[in-house]
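Engineer: So that we are looking at the same thing, I have put the structure below in structure tokens.
Rule-based calculations on the coordinates, nothing more; no lab input. It should be emphasised that the depicted structure is a prediction, and the values quoted were computed from it without experimental measurement. Cβ atoms come from the backbone with ideal geometry, glycine included; neighbour counts cover every protein chain shown.
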Amino acid sequence: MYGPVIEGKLVRLRPPKPEDAAVMITWFEDLEVTRFIMRRNPPSIGEENTFLENLAKDPNAIQWVVEFQGQPVGTTAIAQIDWKNGSGMTGTIIGDKAVWGKGLARELMQIRATFAFTHLPLRKLKSGYIDGNVASARAQAAAGYHEIGRWQRDQFVEGEWRDLVLTELMREDWEKSRV
């Protein structure tokens, strides 16, 4: 399903629109953008549209487009939601390199967590990053995620095996950080 509009100071999270697919596929054409994500090859416009249509129907995923200054610059989601056990897997792509380093990922992770813990019955958000992805590590830490383990030599990046660092944000830790 698509998430509601959420306004932050820097970013606006909103439901995807059909015209977003054409912008989104361009992000996958840049090897620097895709260096630390699982997908390496750009999807076709048809594949991206199908992906967005399937997300809209998925009751266990919530997807947003990340806007900065009125332009789509990335996506974020809570996926693989386990309603029984109160957890979901989070992920983010900032595809527009021109906005890297401006604090967008930190803020979107914070407002996504606020939505998850105030509007959904979730008690835990799970995430991770490939070792060496300093920007993701920094944004997750700033949003309150803690490292809980590693899958050693799990992902092949730039000619070497790297650890997948596992992180999570618990509702009670999020609540404590807000006082």
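Engineer: Over all pairs of distinct alpha carbons, what does the Kirkwood formula give as the hydrodynamic radius of the range 34-125, in Å?
Structural biologist: Radius from the Kirkwood sum: 14.4 Å.
Engineer: Looking at the range 124-179, which trypsin sites (Lys or Arg not before Pro) are DSSP coil and have at most 12 other C-beta atoms within 10 Å of their C-beta?
Structural biologist: R178
Engineer: Lys/Arg Cβ at +1, Asp/Glu Cβ at -1, dipole of the range 6-177 taken about the Cα centre: which of V157, G8, L120 is farthest positive-ward?
Structural biologist: Result: L120, furthest along the dipole toward the positive end.
Engineer: Now a separate question. What residues qualify as long-range amide H neighbours of R123, i.e. H under 5 Å apart, gap of 5 or more or another chain, H built at 1.01 Å from N?
Structural biologist: Long-range HN contacts for R123: S87.
Engineer: Given a cut-off of under 8 Å on Cα pairs at least six residues apart, what relative contact order in percent is computed for the chain? Mind showing how you got there, number by number?
Structural biologist: Details: 312 pairs, mean separation 31.6, N = 179.
In percent, rounded to a whole number, it is 18.
Engineer: Now a separate question. Per DSSP H run of at least 4 residues, take -39500 (n - 2.57); add these up for the chain, divide by its residues and hand me the 222 nm value, nearest 500 deg cm²/dmol.
Structural biologist: The helix contribution divided over the chain gives -9000 deg cm²/dmol.
Engineer: Another question, if that's okay. Any idea what diffusion coefficient the chain gets from Stokes-Einstein, in µm²/s, Kirkwood Rh on alpha carbon pairs, 37 °C, 0.692 mPa s?
Structural biologist: In µm²/s, the coefficient is 197.
Engineer: Please list, by residue number, every one of the GluC sites (Glu not before Pro) in the range 78-179 that is coil in DSSP and has at most 11 other beta-carbon atoms within 10 Å.
Structural biologist: The qualifying sites are E158.
Engineer: Helix hunt in the chain: which complete DSSP H runs extend at least 15 Å axially by C-alpha with mean Kyte-Doolittle at least -1.0? Intermediate results must be reported in sequence, preceding the final value.
Structural biologist: On the way: long enough: 45-57 (18 Å, -0.45); 104-119 (22 Å, 0.27).
Span-like helices in the chain: 45-57, 104-119.
Engineer: Give the longest segment of the chain that steers clear of chymotrypsin sites (Phe, Trp or Tyr not before Pro) in DSSP loops with at most 15 neighbouring Cβ atoms within 10 Å, not counting the sites themselves.
Structural biologist: Numbers: sites that count: W83, W100.
The segment 1-82 is the longest one with no such site.
Engineer: Calculate, for I45 and F156, the FRET efficiency according to 1/(1 + (r/R0)^6) with r their C-beta to C-beta distance and R0 45 Å; round to the nearest 0.05. Mind showing how you got there, number by number?
Structural biologist: Details: r = 28 Å, r/R0 = 0.62.
Working from the Cβ atoms, E equals 0.95.
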